[in-house]
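Before any comments, here is the structure.
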Amino acid sequence: MKKVLLVFWGALILLGWLGWSEGVVDRIAAVVNKEIIMLSEVEKGMEASGEEIRGEDRLERRKRAMEVRKKVLNQLIDEKLIEIEIKKLGIKVASKELEAAMEDIKRRNGITQDELEKYLVKEGMTFEAFKKQLEKKMQRTKLIQWSVKIDATPGEKDLKEFYQKNINGYRTPESYRPAHILFRIPQEATPEEVREIRKKCLTVLEKIKGGGDFKEMALLYSGDLSAKDGGELGDFRRGELIPALEKELLRLQVGEVGEIVRSGFGFHIVKLVDRKGGTPVSFEEAKERVEADYQEYQIDKAFKQFLSSLREKSVVDIRL
């Protein structure tokens, strides 16, 4: 249970280590129960989120930026509400607990104190800052343990229902082999130039769907090094490829060519060359994982309800 909670909270923490743009004038983005969230914090969160803000015109990019800003601000508001609740309840982490957690991290990763500190320096973080971050995670773990009540002993029927609903998460390791033809978009490209690049991409896609050879088209048109291999990129497991490409590829049958996909590099024509594995594991084989996932799901659901109740009884003034 402790491991599940730490993983869950690790995904919620928004402590960004990226620099704040010097040219931007800072101002208040929101006030949460008299606690302030600055615009600089929101911008840091946007950078740390890794979400792309691209579009074919200025209006589209602005709309996308507003969506990401709103999402990040809401996450920061939740974080602030959690911090306030921790202070209110007086949740502390004893020095012995913190030291034990540090030792556990070193043991699980098979590293010494010196190796940990050297790794942190490479990541641009001091040991004291890392220790403080770990303390915050542990405080939040305690908050969830105190605040969220879930059924600790789910029945076999509940677990089987959960397994069936989430069966895609209980499959043998799956790998797939993609191929692509890349039409690169220069960083300084104008909206009109982007439209022209997409038009060229669409023309090539139509040629392929009309019977043109994918490998030949990759050699002729692709702006990627994989062109010499007919666009083939090698084998990938789920989660290893750019999400936008993977999403399109995994809906295809072997040998099928997909629709145009846009990424941070440009426009892609993708083809699924091969796929292996991905067959469902039986409930009996996956039972231990199902139990852990079920617990995490219940914690997540209960904590979202807890956060919702915190918002209802809090004063949140958004000023963006």
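Sorting the segments 221-233, 26-38 by their mean number of nearby beta carbons within 10 angstrom, highest to lowest, gives 221-233, 26-38. The angle between the Cα long axis of helix 58-89 and the main principal axis of the chain comes to about 20°, on a 0 to 90 degree scale. Here the dipole of the chain is about 700 debye; that uses its Cα centre as origin and unit charges on the Cβ of Lys and Arg (positive) and Asp and Glu (negative). Taking amide hydrogens as placed 1.01 Å from N in the peptide plane, the amide H of R275 sits under 5 Å from those of R177, each at least 5 positions away in sequence or on another chain.
Checking the cross-link pairs K247/K276; K71/K92; K165/K301; K215/K271; K106/K132; K165/K287 against a 18 Å limit on the alpha carbon distance flags K71/K92 as lying beyond it.
Taking the chain as the reference, fit the longest principal axis to its C-alpha atoms, fit the long axis of helix 156-165 to the helix C-alpha atoms, and give the angle between the two in degrees, 0 to 90, nearest 10. Approximately 30 degrees, to the nearest ten.
Could you give the size of the charge dipole of the range 172-276 about its Cα centre, using +1 on the Cβ of each K and R and -1 on the Cβ of each D and E, expressed in debye and rounded to the nearest 20? Walk me through the numbers on the way to the answer.
Details: 18 positive and 18 negative charges, 40 e Å.
In debye, rounded to 20, the range 172-276 gives about 200.
Compared with the dominant principal axis of the Cα atoms in the chain, helix 127-147 is inclined by about 80°.
For the chain, the 222 nm mean residue ellipticity estimated from helices alone, with every DSSP H stretch of n ≥ 4 adding -39500 (n - 2.57) and the total spread over all residues, rounds to -18000 deg cm²/dmol. The ellipsoid that matches the Cα gyration tensor of the chain has semi-axes, each √(5λ) in whole angstrom, of 41, 29, 21, with the longest given first. Normalised by residue count, the range 208-320 yields a Cα convex hull volume of 179 Å³ per residue.
Every read-out reported here was derived from the displayed coordinates using simple, explicitly stated rules and does not represent laboratory data. All of these numbers come straight from a predicted model, not from anything done at the bench. Here the Cβ is made from the backbone with ideal geometry for all residues, glycine too, and neighbour counts use every protein chain on show.
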